[in-house]
1. For the chain, what % of the accessible area comes from carbon and sulfur atoms, probe 1.4 Å?
2. Could you give me the ³J(HN,Hα) list for the range 43-51, computed from phi with Karplus coefficients 6.51, -1.76, 1.60 and θ = phi - 60°, whole Hz, x at Gly and Pro?
3. For the range 74-111 and the range 27-67, compute the distance between their C-alpha centroids and round to whole Å.
4. Would you mind telling me the antiparallel percentage of the DSSP bridges in the chain, rounded to 5?
5. Using the heavy atoms of the protein chains alone and a 1.4 angstrom probe, what is the accessible area of the range 21-104 per residue in square angstrom?
6. For K43, list the lysines whose Cα falls under 24 Å from its own Cα; do not include residues on the same chain fewer than 8 positions away.
7. Based on the mean of other beta carbon atoms within 10 Å per residue, what is the order of 95-102, 114-121, most packed first?
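The values are calculated or read from the model by the stated rules, or taken from the named source; none is laboratory data. Keep in mind it's a predicted model, so treat the numbers as computed, not measured. Ideal geometry is used to build each Cβ from the backbone, glycine not excepted, and the neighbour counts take in all protein chains shown. Note: accessible area is taken over every heavy atom of the protein model, side chains too, but ligands, DNA and RNA are not part of it. Shrake-Rupley method; radii C 1.70, N 1.55, O 1.52, S 1.80 Å.
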Amino acid sequence: QVQLVESGGGLVQAGGSLRLSCAASVRTFSVYVMGWFRQAPGKEREFVAAITWSDERTSYADSVKGRFTISRDNAKNTMYLQMNSLKPEDTAVYYCARRGGTYHYTYSREYTYWGQGTQVTVSS
């Protein structure tokens, strides 16, 4: 069983930066993708970014391209989301997730393991 734990959320002013972390409890040799999703109040959970663990291939939602950077540290078994130039519309609970394989699905139902979420609030 894989457990994912997010950290790094908080309150920041528009234009500021935050870095989220997602630590995985189990290191496996499987091929898998890890991703970030977010959910604002009253809205559906939406894809933010994904990374293939083995070759570090990345993908992003159009709304965050050029502002957010996803990365991973294999030695620490941890994934990161560097968020710059934050906007009030980035306010949401951010979740990390994992699925097997290499395809970067943008649908949350395709991911098997989920963290508990971390709140990001961007004030105007």
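1. Carbon and sulfur atoms account for 46 percent of the accessible area of the chain.
2. Rounded to whole hertz, the list is 10, 6, 5, 10, 5, 10, 6, 8, 9.
3. Spelled out, the Cα-based centre of one part sits 3 Å from the other.
4. 90
5. Per residue, the range 21-104 has an accessible area of 48 Å².
6. Filter leaves K65, K87.
7. The most tightly packed comes first, giving 95-102, 114-121.
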